[in-house]
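Undergrad: Submitted below is the structure of interest, expressed as structure tokens.
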Amino acid sequence: MVAAHYQHLPYIYRSSLPKMVPVLSFTLIGCFIFIVYGTLIDYYRRAWTAIPVFEADAQTRQTRQTRQTRQTRISVLIPARNESANIAACIESLFSQTYPRHLYEVIVIDDHSTDGTAEIVKGLPYRSPALSCLQLTDPINQQRPIAYKKLAIDTGIRAATGDLIVTTDADCLFHPEWLSTIAAFYEETGAKFIAAPVRIGGATHQPTRSATSPNESTFLSIFQTLDFITLQGITGASVYKKFHTMCNGANLAYEKSAFIEVGGFAGIDSIPSGDDMLLMHKIYDKYPEKVLFLKSPNAIVSTRPETTWKGFFNQRIRWASKADRYDDKRIFRVLLLVYIVNLMFVILPVAGIWNSWWLWLLLIGLLTKTAVEFPFVYAVAGFFGQQSLMRWFPLLQPLHIVYTVVIGWMGKFASYRWKDRKITK
């Protein structure tokens, strides 16, 4: 009987081995990819915490400025399209800056608004600092995509009198020390391009938002805020370590001379988005040591969350649409790794229909992914004063995985609408 049992073992192995090999192979490959991903997230965490917080004390900064022979003149550019609900509060916030008023100007570039945005700007009583409103007047060509935001910024730069260009969005609010902090950082470091932090909601020291402001405690606002916190942490870490280029157009500063030297948006002017990261990489190619991240609470710009899922998805698809246009292949490799990791989590439950092992691997992977990402996102959320939202982080993990896969795919292949314009890939 024992002999018969042993004679049967080779048959068992021969019949089960073909089924085990693919399971073991894909498990090992998946584990290797995830180890690389976990190492990357931990690298971002350590890099973020290593970024020195720039001295934000007003008195120290004032003393430093008196020792500087150079006084930086700043041109703040605000490309705006149909922003009548936000533009007045944005400009009011800019006029509350502590930076000497004779050293900065505000230029609003109206991008074919149909809601009276330009009229609101022109009707504002402020005259110090200098406020001007330029209007794009070229006819809209519906047959080919036009990078209107790049055109607006380029128009503003041509009219700017400042040495340092600062770009932001019409739905943003600012700390009173925002421009002073940027100027001090620029003067101390000699940076050619400065990426600075952006926060969804949570504005402090700012004029009260309008009654139509969205509820910043909705499920949608919590989801996009946590997603945005992660992106901001990656931005700061990657720029600080020169790992790859990344930024957000709501809070950028760069020398006008550097913009002109690299040819501005030439070569990327047919891409609807990318006025921030694509330009950043052009300047990085010329001045890799002078592209810096400004980590300071006073430098944070607060922006409004999207109020609808449709608006949110259109925004993120727009951001993702430029992924395959990056000259910086380092960030493309990072994005590809992140996409593959999230795609695995979408595939596992489907594979679990045929083999329960994949469901166990899915559960283990979800717990591990959350444990790896939580310390990093928590550290970044602390800087933005939004740590209270972290209790939602584990619960939103499955939704964020699906969202990442869907947005990544749609950014490559789908059309989207932005500012009442349809952009087709």
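Undergrad: Determine the shape class of segment 240-358: with a ≥ b ≥ c the square roots of the Cα gyration tensor eigenvalues, call it rounded for a/c under 1.5, and otherwise prolate if a/b is greater than b/c, oblate otherwise.
TA: Details: a/c = 2.14, a/b = 1.83, b/c = 1.17.
It comes out prolate by the Cα gyration axes.
Undergrad: Would you mind calculating the gained length between L337 and T161 on full extension (0.36 nm times residue separation, minus the Cα-Cα distance), in nm to one decimal?
TA: Values: separation 176, 0.36 × 176 = 63.36 nm, distance 4.28 nm.
The span from L337 to T161 would gain 59.1 nm if fully extended.
Undergrad: Same structure again: Label segment 304-384 by shape, choosing from rounded, prolate and oblate, from the square roots a ≥ b ≥ c of the eigenvalues of the Cα gyration tensor; if a/c is under 1.5 it is rounded, and otherwise prolate applies when a/b is larger than b/c, oblate when it is not.
TA: Details: a/c = 1.66, a/b = 1.45, b/c = 1.15.
Cα axes put segment 304-384 in the prolate bin.
Undergrad: Calculate one ³J(HN,Hα) per residue across segment 102-112 by plugging θ = phi - 60° into the Karplus curve 6.51 cos²θ - 1.76 cosθ + 1.60, and present them in order as whole Hz with x for glycine and proline.
TA: Running phi through 6.51 cos²θ - 1.76 cosθ + 1.60 with θ = phi - 60° gives 6, 9, 9, 10, 10, 10, 9, 10, 7, 9, 6 Hz.
Undergrad: Calculate the FRET efficiency for S388 and I33 from the Cβ-Cβ distance with a Förster distance of 35 Å, rounded to the nearest 0.05. Could you put the intermediate results ahead of the total?
TA: Values: r = 33 Å, r/R0 = 0.93.
So, using R0 = 35 Å, E works out to roughly 0.60.
Undergrad: Which far-off residues, 5 or more places away or on another chain, put their amide H under 5 Å from the one on I109, with H placed in the peptide plane?
TA: Hits under the 5 Å cutoff: I78, A80, L134.
Undergrad: Long-range amide H contacts for T245: which residues qualify at under 5 Å (H placed 1.01 Å from N, peptide plane, sequence gap of 5 or more or a different chain)?
TA: Amide H to amide H, under 5 Å and 5 or more residues apart or across chains, T245 pairs with I331.
Undergrad: Turning to a different aspect of this structure: Contour minus end-to-end for L359 and S217, with contour as 0.36 nm per residue of separation and end-to-end as the Cα-Cα distance? Mind dumping the intermediate values first?
TA: Details: separation 142, 0.36 × 142 = 51.12 nm, distance 3.30 nm.
Result: 47.8 nm gained on full extension.
Undergrad: Please list, ordered by chain and number, the residues whose modelled amide H lies under 5 Å from the amide H of I200; skip anything fewer than 5 residues away on the same chain.
TA: Residues meeting the amide H criterion: T303.
Undergrad: Would you mind putting 40-46, 397-403, 172-178 in packing order, based on average other-beta-carbon counts within 10 Å, highest first?
TA: Working: 40-46: 18.1, 397-403: 15.7, 172-178: 22.9.
Going from most to least packed, we get 172-178, 40-46, 397-403.
Undergrad: Ranked highest first by average number of other Cβ atoms within 10 Å, how do 375-384, 192-201, 30-39 line up? Before the final figure, lay out the partial values.
TA: Details: 375-384: 19.7, 192-201: 24.7, 30-39: 14.6.
Answer by packing, highest mean first, reads 192-201, 375-384, 30-39.
Undergrad: Using mean Cβ contacts within 10 Å as the protection proxy, how do 89-97, 262-270 order, highest first?
TA: Numbers: 89-97: 19.4, 262-270: 15.8.
Final packing ranking: 89-97, 262-270.
Undergrad: Starting from the 7 Å offset along Cα-to-Cβ, what nm value, one decimal, do you get for the label separation of Q135 and K286?
TA: 3.3
Only the coordinates and a few stated rules stand behind these numbers; no lab work does. What you see is a predicted model; the values in this text were computed from it and never measured. Quick reminder, even Gly has a Cβ in these numbers, built from the backbone with ideal geometry, and neighbours come from all protein chains shown.
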